[in-house]
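The values are calculated or read from the model by the stated rules, or taken from the named source; none is laboratory data. Here the structure is a predicted model, which means the values were calculated and not measured. With ideal geometry, Cβ positions are generated from the backbone for all residues, glycine too; neighbour counts draw on all protein chains shown. The protein model used for the area step is the full one, side chains on, heavy atoms only, and it has no ligands, DNA or RNA in it. Shrake-Rupley method; radii C 1.70, N 1.55, O 1.52, S 1.80 Å.
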Amino acid sequence: MTKVLIDCDPGIDDALALALAAGTSLPLAGITTVGGNVGLGLTTANALALREFLDLGDVPVVAGCSGAIIRGPIDAAEVHGTSGIGDVVLPPATRPVHEGHAVDFIIETLKASPGEITLVATGPLTNIALAVRREPRVAEWVRDFVIMGGSYTRGNTNPAAEFNILTDPEAAAIVFGAGWTVTMVGLDVTLQALVTAPILDEMRGLGRLSELLVPACQYYGVVTADGGPALHDAVALAHVLDPSLLTLTPAAVDVETAGVHTAGMTVVDFRLRGRSPNALVATGVDVAGFWKLMLGAYRRLGERLG
Ligand code: BDR
Ligand code: CA
C-alpha cells in the first residue's frame, strides 16, 4: 500500500477522513496542517489530538501556513464549530507538534522517497502551492496527488466556488498549473456521500470512537433517512484506498482568480480543446462501496480503541 502524506485543516470531515486512515492502517508519511475551516492553531491542535485519539502512532504532525498567499482570511467555523470539530471535546494531545514548517516537510518527505508517496490535500492548497513553487520537482517526486476541492457543477460557499479553492484561489491556480496530474475530488461526487440515519446508526455502538463520529456528524448537518452531511474529505482518501470507487475523467482545469463573483471557481473543460489534461476529475462515485469501506474501517478501529 502506498504511503500517504495528508495536508488538512481538521475540520469535521478531515477528522473523519483521518479516522478512515486509522481504521485501514493506511501507512502515513505525515499529517501537515493549514489554516482553513478554522485557524492554524486550532487545525494543528485538532490534528495532534486526533493522532492520539485515533491511535495513529507517531506519525509527524507538522504545522504549515496560517492563511492564503494573498487574500484575507475566511473560515468555516459556522459549519465546523469554533473549535473545528463541532461540539466534540477530545482529550488534549500529550505529544508536541513536529518541529519545522509543513512546506519544508512536504518537500523533504517527497524528495526522500521519489515515486512512493501519495499526497492528499483536504484543505486550502496554500502549503502545496508554496512547496511546488519552492521546489518544482515535488510534482515529479509525488506518486499521486489527490485533492478534495472544486467542482464542475456548483459551489458550496457561494454559487461558483467550493470552500477549499475559494479560501486560496491563487494557491489553487499554482497547484493546477504545476505540471502534474491533479486528481480532483470535488463537490460533484462528495455531495453524494451523505451520512444518512441508517449510516449514523451504524456509527453508534463503536465504543469510544462513537463519541467522535456520532456528535461530529450530527453537528455537521441534519441527518435524515436519506439525507445528511457530506463527508467530502473522506471521499478523497477513500479513492486512495480503493481507486475503483470513483470514475475519473481527464480535463483541463483552470482556477478563476479575477472574477468579482466567481473567484475560486474551478473551470473544468472536459473537451480539452487541444490542451493536455492537467486533472483527472471525479465524475462518478460508488456510494455503497464508499460506505462499505468507511464502516468496515470504523468497525475495526472501534474494536481497537475499545
Ligand atoms: C471542504 O471544505 C471544508 O469545509 C471541508 O473540510 C472540506 O474539505 C468542502 O467544501
Ligand atoms: Ca477539509
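Report the net charge of residues surrounding Asp55, where surrounding means a beta-carbon distance below 15 angstrom and charges are Lys +1, Arg +1, Asp -1, Glu -1.
+2
Rounded, prolate or oblate: which fits the range 167-269 when a ≥ b ≥ c are the square roots of the eigenvalues of the alpha-carbon gyration tensor, with rounded for a/c under 1.5 and prolate only if a/b beats b/c?
Verdict is prolate for the range 167-269.
Give me the percent of the accessible area of the chain that comes from carbon and sulfur atoms, probe 1.4 Å, all protein chains in place.
Heavy-atom surface of the chain belonging to carbon and sulfur, 1.4 Å probe: 53 percent.
Where does the charge balance sit around Asp286 when Lys and Arg score +1, Asp and Glu -1, over other residues with C-beta under 13 Å from its C-beta?
Residues near Asp286 contribute 0 overall.
With Cβ to Cβ distances under 11 Å as the rule, what net charge do the other residues near Pro169 carry (K, R +1; D, E -1)?
Around Pro169, the surrounding residues sum to -4.
Rounded to a whole number of µm²/s, how large is the Stokes-Einstein D of the range 1-81 at 10 °C and 1.306 mPa s, given Rh as the Kirkwood radius over C-alpha pairs?
Calculated translational D: 124 µm²/s.
Counting each DSSP H run of 4 or more residues in the chain as -39500 (n - 2.57), what helix-only mean residue ellipticity at 222 nm follows after dividing by all residues, to the nearest 500 deg cm²/dmol? Walk me through the numbers before you get to the answer.
Numbers: 13 runs with 120 residues, N = 306.
Only helices count here, giving -11000 deg cm²/dmol.
How long are the three semi-axes of the equivalent ellipsoid for the range 1-155, computed from the Cα gyration tensor as the root of 5 times each eigenvalue, in whole Å, largest first?
Over the Cα atoms of the range 1-155, the semi-axes work out to 22, 19, 15 Å.
Taking Rh as the Kirkwood radius, which is the inverse of the mean 1/r over Cα pairs, what is the Rg/Rh value for the range 186-227?
Computed over Cα atoms, the ratio is 1.01.
Evaluate the charge dipole of the range 81-143 about its Cα centre and quote only its size in Debye, nearest 20, assuming +1 on the Cβ of each Lys and Arg and -1 on the Cβ of each Asp and Glu.
120 debye
Please identify every one of the trypsin sites (Lys or Arg not before Pro) in the range 191-299 that sits in a loop by DSSP and has no more than 12 other beta carbons within 10 Å of its own beta carbon.
Listed in order of number, the matching sites are Arg204, Arg271, Arg273, Arg275.
How big is the range 217-306 on each of its three principal axes, counting only the C-alpha atoms and giving the largest first in Å?
Extents along the principal axes: 53, 30, 24 Å.
Determine the dipole magnitude for the range 186-241: charges of +1 sit on the beta-carbon of Lys and Arg, -1 on that of Asp and Glu, nothing else is charged, the reference point is the Cα centre, and the result goes in debye to the nearest 20.
Numbers: 2 positive and 6 negative charges, 30 e Å.
With only Lys, Arg, Asp and Glu charged at Cβ, the dipole is about 140 debye.
If you average 1/r over every pair of different alpha-carbon atoms in the range 85-184 and take one over that average, what Kirkwood value in Å do you get? The partial results should precede the final answer.
Values: mean 1/r = 0.0672 Å⁻¹.
Final number for the Kirkwood radius of the range 85-184 is 14.9 Å.
Roughly how compact is the chain, stated as its Cα Rg over 2.2 N^0.38 Å to two decimals?
So the chain has a normalised radius of gyration of 0.91.
State, as an integer percentage, the relative contact order of the chain based on alpha-carbon contacts under 8 Å between residues 6 or more apart. Provide the component values of the computation, followed by the final result.
Values: 720 pairs, mean separation 61.2, N = 306.
In percent, rounded to a whole number, it is 20.
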